[in-house]
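What follows is a short report on a single structure.
The values are calculated or read from the model by the stated rules, or taken from the named source; none is laboratory data. The structure displayed is predicted, hence computed values, not measured ones. Quick reminder, even Gly has a Cβ in these numbers, built from the backbone with ideal geometry, and neighbours come from all protein chains shown.
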Ligand SMILES: C[S@@+](CC[C@H](N)C(=O)[O-])C[C@H]1O[C@@H](n2cnc3c(N)ncnc32)[C@H](O)[C@@H]1O
């Protein structure tokens, strides 16, 4: 492995992510959607970038789940769920492990810089299926990404589409979540902070809020999302 492959990824904007979850109804919707993929989901499930673990708790109560996240979060309450604090790309936590199903729910934007490496790590864990959840670049969110790409430095949104080497998409479900804040500034800060992985600097605030005010009637947004099942092509 080269140095760039092994070095830790930049820290995530955990505060913005947690605050964003408070103004979005997506966790229950994601959990219900993932639960609907039951016939494609095999234990042990490894939820990569699990965050708090709430989605896993709602989607797979009593199934064998390993939550992997590089940030610190409380221990899971479900007895069948365990947590490891680790960087997905580091091999220390995964030696001797394999996954039935790997899950990437809104974590791929942090892992997609080096797709060959991501594919190699997936191959090492050899899951029968990979489940992914990502935002769809349409509606206001699509306009926001296009605008931010020209306006804000170093944004890091999810890609529009993900595929994984050796896996084929066998199921796709679209759904919409709702984000509703008290005011435009909060909405702008949390959407840009969590979805674009960019802390709005004081000198960017005015132009950011102005964009939101120009494009929205109020501080709420409908966000299109896509959940996919990627099945190992060799099975
Ligand atoms: C936006 S949150 C997603 C949380 C949850 N999966 C969801 O859908 O709501 C992304 C999570 O990925 C984690 N993460 C980012 N890079 C990671 C890495 N290299 N290894 C493990 N976790 C990582 C972050 O710490 C963060 O908790």
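Residue 191 satisfies every condition listed in (1) in a helix (DSSP H, G or I); (2) more than 22 Å from residue 110 (Cα to Cα); (3) within 15 Å of the ligand (Cβ to nearest atom) except (2). Test residue 124 against the stated conditions and say whether it is in a loop (DSSP other than H, G, I, E, B), surrounded by fewer than 17 Cβ atoms within 10 Å (Cβ to Cβ) and without any contact (Cβ under 8 Å) to a residue 40 or more places away in the chain. Taking the combined requirement at face value, the residue does not satisfy it. Residues that are within 12 Å of the ligand (Cβ to nearest atom), surrounded by 14 or more Cβ atoms within 10 Å (Cβ to Cβ) and within 16 Å of the chain's Cα centre (by Cα) number at least 1 in the following helices (runs of 4 or more DSSP H) confined to segment 1-110: 14-22, 26-35, 54-59. From the list 129, 134, the one residue that fits, being under 21 Å from residue 25 (Cβ atoms), buried (at least 21 other Cβ atoms within 10 Å of the Cβ) and modelled with pLDDT of 95 or more, is 134. Contact annotation: residue pairs with Cβ atoms under 6 Å, 6 or more positions apart or on different chains, pairing a residue in segment 79-98 that is closer than 15 Å to residue 57 by Cα with a partner that is in a loop (DSSP other than H, G, I, E, B) and at pLDDT below 95, are 80/62. If you go through segment 201-222 and pick out every residue that is touching a residue at least 40 places away in the same chain (Cβ under 8 Å) and closer than 20 Å to residue 13 by Cα, you end up with 2. Kindly establish whether residue 113 is within 13 Å of the ligand (Cβ to nearest atom), in a loop (DSSP other than H, G, I, E, B) and in contact with a strand residue (DSSP E or B) (Cβ under 9 Å, 6 or more places away or on another chain). In short, no. One residue is enough: does segment 209-227 have a residue meeting the conditions modelled with pLDDT of 95 or more, buried (at least 17 other Cβ atoms within 10 Å of the Cβ) and under 30 Å from residue 96 (Cα atoms)? Yes: segment 209-227 contains one or more residues that are modelled with pLDDT of 95 or more, buried (at least 17 other Cβ atoms within 10 Å of the Cβ) and under 30 Å from residue 96 (Cα atoms).
All of 134, 163, 172, 178 fail the test of being without any contact (Cβ under 8 Å) to a residue 60 or more places away in the chain, touching a strand residue (DSSP E or B) at 6+ places or on another chain (Cβ under 8 Å) and not in a helix (DSSP H, G or I), apart from 172.
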